[in-house]
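Peer 1: Okay, here's the structure, questions in a sec.
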Amino acid sequence: MSLILRILFVLAGAITALFVARDALNFTIIQTFVAILLVTVVLLAGSLWSLRRKT
């Protein structure tokens, strides 16, 4: 589980760095927000995938 979260945080850092400078004061806050969005997208995709397989 921690490996998955680390990968998501690395992805979130890369996505956030595209839009916000790394030395900005709110970089970590925005990175956490992007990581939460990524977790939500992964969970949503997983639930939709399992719903699709049952029908």
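Peer 1: Name, by its number, the condition in (1) among the hydrophobic types (A, V, I, L, M, F, W, C); (2) surrounded by 11 or more Cβ atoms within 10 Å (Cβ to Cβ); (3) assigned to a helix (DSSP H, G or I) that does not hold for Leu3.
Peer 2: If we test Leu3 against (1) among the hydrophobic types (A, V, I, L, M, F, W, C); (2) surrounded by 11 or more Cβ atoms within 10 Å (Cβ to Cβ); (3) assigned to a helix (DSSP H, G or I), just (2) comes out false.
Peer 1: I'd like to verify a number: residues in the stretch 10-28 that are among the aliphatic types (A, V, I, L, M) and more than 17 Å from the chain's Cα centre (by Cα), how many?
Peer 2: 3
Peer 1: Here's something else I'd like to know. Name the residue that is least open to solvent (accessible area, probe 1.4 Å), counting only residues in the stretch 8-55 that are in a helix (DSSP H, G or I) and either of a type in the set (Lys, Arg) or at positive phi (or both).
Peer 2: First, pick out the residues of the stretch 8-55 that are in a helix (DSSP H, G or I): 8-19, 27-54.
After this cut, where a residue has to be either of a type in the set (Lys, Arg) or at positive phi (or both) as well, the list is 52-54.
On the way: Arg52: 147, Arg53: 170, Lys54: 176 Å².
Ranking the qualifying residues of the stretch 8-55, first place goes to Arg52.
The values are calculated or read from the model by the stated rules, or taken from the named source; none is laboratory data. As the structure is a computational prediction, the values presented were derived from the model and not from experiment. Virtual Cβ from ideal backbone geometry, glycine too; neighbours counted across all protein chains shown. These area figures cover heavy atoms from the full protein model, side chains too; ligands, DNA and RNA do not enter into them. Shrake-Rupley method; radii C 1.70, N 1.55, O 1.52, S 1.80 Å.
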